[in-house]
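No value in this document is a laboratory result; all are computed from the given coordinates. Since the model is a prediction, treat every value here as computed from it, not as a measurement. Glycine also receives a Cβ, built like all others from the backbone with ideal geometry; neighbour counts cover every protein chain displayed.
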Ligand SMILES: NC(=O)c1ccc[n+]([C@@H]2O[C@H](COP(=O)([O-])OP(=O)(O)OC[C@H]3O[C@@H](n4cnc5c(N)ncnc54)[C@H](OP(=O)(O)O)[C@@H]3O)[C@@H](O)[C@H]2O)c1
């Protein structure tokens, strides 16, 4: 299976490293040979020389780290329009386009167009970029269905923790009727520090930034938009609700006061940023949940509860991010696609 990896940041480089370290084992265990045939970052595209040539994943990572991706053999400026890039991928026999480029809900139109161009040429897509899925998931799912090609996105929710796979598995025996949980580690860390250390929001945010959990611009996390993107993906993939981020009612955590946290604690509760999806709608908002329940996770841990048609509730907890963890979710998707062919 020939792969193009778009985005050479933390996740894209980890995907290349896993291709190098686990490729032979995955080939013998699943019969799926994973071959790197193209990569890109914001400035350069590097393509294998022919439809039988390949790129060395570790050489790509080394070149990227040395700032020399654009001088590798087969490199060209990254300014190819989406359809032209898809055409080149088709000519090179690329089977799956892996999108590890940045999530930005405001500029999701371009990566969405790129994914649609790939799907139209029957090139499968694996994405950890949440932007296209949050803003255009119904259209992307329809394009994949129409072109009979795979669109996978395991790493978009829960990083390496198989939240989406758990939802799909549960759907086989019963129907998942509602989902709620913590899908953003940064806000969980902040609320957890506010509760356990009695810090003010600004102090907890500064600590999250110091530890690298929060970006310099924390808007996507603290204002709830990252969680909103993930609840859209969960709703489409697990509940079959064809929604986009515009349909989510979003409230972030900036307005959560130490007083609210203290009064929650007095009632045996904790305040968490809860993403919820059901037939009643999609929401992201701070809510009081039981301190003794599965949603009271510490640090930056994620936790998601699935309510089944029988009334049973199943919860999954784990790390929601991390380059290697997210890259491992990409590999799971690639193996799934490879074993279906
Ligand atoms: N890191 C995690 O733990 C994690 C977990 C789950 C999901 N994700 C998602 O995974 C994606 C990548 O995350 P990351 O942490 O690897 O980000 P990152 O370190 O910021 O890397 C982003 C990469 O994308 C490249 N890029 C930017 N614009 C591009 C374009 N138009 N075409 C091709 N490449 C482009 C950047 O190029 P330059 O190097 O030239 O700047 C960079 O190499 C994001 O969508 C993120 O939301 C990340």
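Please work out the FRET efficiency for the pair residue 122 and residue 62, using the Cβ-Cβ distance as r and a Förster radius of 35 Å; give the result to the nearest 0.05.
E(calc), rounded to 0.05, equals 0.60.
If each residue of separation counts as 0.36 nm, what is the full-extension length gain between residue 315 and residue 279 once their alpha-carbon separation is subtracted?
So the extension gain works out to 11.0 nm.
Please arrange 290, 221 by counting, for each residue, the other beta carbons lying within 10 Å of its beta carbon, fewest first.
The most exposed by this proxy come first: 290, 221.
Cα gyration tensor of the range 118-187, axes a ≥ b ≥ c as square roots of the eigenvalues: rounded (a/c below 1.5), prolate (a/b > b/c) or oblate?
oblate
With a 10 Å Cβ neighbour count serving as the proxy for reagent exposure, in which order, fewest first, do 225, 199 appear?
199, 225
Relative contact order, percent, of the range 270-314 when contacts are C-alpha pairs under 8 Å separated by at least 6 residues?
Here the relative contact order equals 26 percent.
Can you give the angle from 0 to 90° between the axis of helix 225-234 and the longest principal axis of the chain, with both taken from C-alpha atoms, to the nearest 10?
70 degrees
How would 95, 336 line up from fewest to most surrounding beta-carbon atoms within 10 angstrom?
Lowest to highest Cβ neighbour count: 336, 95.
How many percent of all Cα-Cα pairs in the range 163-319 sit more than 27 Å apart?
Of all Cα-Cα pairs in the range 163-319, 21 percent lie more than 27 Å apart.
With r defined as the distance between the Cβ atoms of residue 90 and residue 197 and R0 fixed at 51 Å, what FRET efficiency is calculated, to the nearest 0.05?
After rounding, the FRET efficiency stands at 0.40.
Please work out how much length the chain gains when fully extended from residue 148 to residue 290, using 0.36 nm per residue of separation minus the C-alpha to C-alpha distance, in nm with one decimal.
46.7 nm
By what distance, in whole Å, do the Cα atoms of the chain stretch along each of the three principal axes, largest value first?
Result, largest extent first: 66, 44, 36 Å.
Using only Cα atoms, locate the centre of the range 281-305 and the centre of the range 205-228, then give the distance between them in Å, rounded to an integer.
17 Å
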